[in-house]
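Below: the structure, in structure tokens.
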């Protein structure tokens, strides 16, 4: 995207200097000094973790940040400036409903990632063509790089063609389609070796393996409850995959494309089967048809006109920020017209001030956490709490008053602590941990509450 954006801008004005970085913004190559080189940062990110990280980097570098985003027909633009406005993390955010493309295509970790992928596969095979919904492995994933180069081995070099065209060339043969999406593409992913250094690698699955997998008693097949409320076995998923492809192929015969609808039985069954097969491959919990229908129905598509309107508002804010007219940059919201209001753009009356208890931008960041110190391991505390919930990238943690180094960002330094319970290191109800992230130039005091 960065490279394409650069090319697009240069097509309008070839006399300006633009440098594109195709990389992960959370890489240690982009520390505080990198951000200090800029007068202004514009965010156009697609995931919460990256937004949180850039928020902290701009606070540390004292560089204004214009944060923006869209969700379907809704969107918002807000200015974040240290000491002037609230930061991105001052207020709690609703659950994310859009997901990074490389997560969907390469490294799913939650059932919803598999469901989004399955809906994209439906559109690639039967729906309206959308290049943003590619389901093939993303070889350009920045995380797959090793020393600046992508880690795809020779074994991964397989020819890529249009998914729809490939399916048509093979007459929508279920076994061939299955082996491509769930075996060949997974083998290609495995060749991107750097992705699996800290993750459990997926296990390729062939049509023959799935079709002969155990399960599917006659009773299960006949029970109405089994169809919607129970998790289908792998062999049932394979059978449904084959039968729905045949049905959808017939429906497509006299149309240009099909539109996915959660209330259309073949379309919903196809997504259920594909999502659960992919979940099995990536060791992710599989879901019932009922649960998948609920999740799939709530996934919000991207709307090009909403993106364009928000992009225009970002630029208007940027002019004011460069003139240091921060007070003229209130948050602006895009919303659908309703019976209650004819306006689709609404602005706050003034800029939003910082939350004095924010655990990111307050003068002395502090947070209470509630954990079971008898059962939680140090590794779980690092991954689930410090990284996932408190959005640190490379945390260090020291037990206050005792000087015990619990977690270190230096590789291997505290590895011996990983599987220890918190209590084994003296972390009990009322303990205080001094945590920091060197990359984010961020310090946080964590109070432990045992439950």
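Read-outs: derived from the displayed coordinates by stated rules, not from any lab. No experiment lies behind these values; they were computed from the predicted model shown. All Cβ positions, even for glycine, are placed from backbone atoms using ideal geometry, and neighbour counts span all protein chains on display.
Values as computed for the structure displayed
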| item | result |
| --- | --- |
| Highest average packing first - 53-65, 302-314, Cβ atoms within 10 Å | 53-65, 302-314 |
| Percentage relative contact order, the range 220-359, counting C-alpha pairs under 8 Å, at least six apart | 18 |
| Contour minus Cα-Cα distance for residue 247 and residue 428 (0.36 nm per residue) | 59.3 nm |
| Stokes-Einstein diffusion coefficient of the chain, Kirkwood radius over Cα pairs, 20 °C, 1.002 mPa s, in µm²/s | 86 |
| Distance in nm between pseudo-label sites at residue 372 and residue 12 (7 Å out along the Cβ direction from Cα) | 5.5 |
| The chain: angle of helix 111-125 to the longest principal axis, Cα-based, in degrees nearest 10 | 50 |
| Distance from the range 29-81 to the range 237-251 (C-alpha centre basis), Å | 44 |
| C-alpha long axis of helix 265-281 to longest principal axis of the chain, angle in ° | 60 |
| Net lengthening on full extension, residue 2/residue 228 (0.36 nm per residue, minus Cα-Cα) | 77.1 nm |
| Neighbour-count order for 425, 79, fewest beta carbons within 10 angstrom listed first | 425, 79 |
| Label-to-label distance, nm, for residues given as residue 93 and residue 187 (7 Å Cα→Cβ offset) | 3.9 |
| Euclidean distance between Cα centres, the range 1-20 to the range 425-451, Å | 43 |
| Helix-only [θ]222 nm of the chain, DSSP H runs n ≥ 4, -39500 (n - 2.57) each, per residue, nearest 500 | -9500 deg cm²/dmol |
| Packing-based order for 180-188, 335-343, 162-170, using average beta carbon neighbours within 10 Å, highest first | 180-188, 162-170, 335-343 |
| Relative contact order of the chain, pairs being alpha-carbon contacts under 8 Å that are 6 or more residues apart, as % | 18 |
| Sites residue 450 and residue 22, calculated FRET efficiency, Cβ-Cβ separation with R0 35 Å, nearest 0.05 | 0.20 |
| Prolate/oblate/rounded call for the range 311-351, Cα gyration tensor, a/c under 1.5 rounded | oblate |
| Longest to shortest principal axis, alpha-carbon extents of the range 209-358, angstrom | 70, 47, 31 |
| Potential lengthening between residue 400 and residue 290 on full extension [0.36 nm per residue; Cα-Cα distance subtracted] | 34.8 nm |
| Rounded if a/c under 1.5, otherwise prolate or oblate - the range 385-451, Cα gyration tensor axes | oblate |
| Computed FRET value (nearest 0.05) for residue 206 with residue 169, which takes r as the C-beta separation and R₀ as 30 Å | 0.90 |
| DSSP-defined beta bridges in the range 366-450 - what % are antiparallel, rounded to 5 | 70 |
| Degrees separating the helix 48-61 axis from the principal Cα axis of the chain, which is the longest one | 20 |
| Using a Förster distance of 22 Å, the FRET efficiency for residue 194-residue 50 (Cβ separation, nearest 0.05) | 0.75 |
| The chain - share of DSSP beta bridges that are antiparallel (%, nearest 5) | 80 |
| Protection-proxy order for peptides 349-361, 12-24, 266-278, 118-130, each taking the mean of Cβ atoms within 10 Å per residue, highest first | 266-278, 118-130, 349-361, 12-24 |
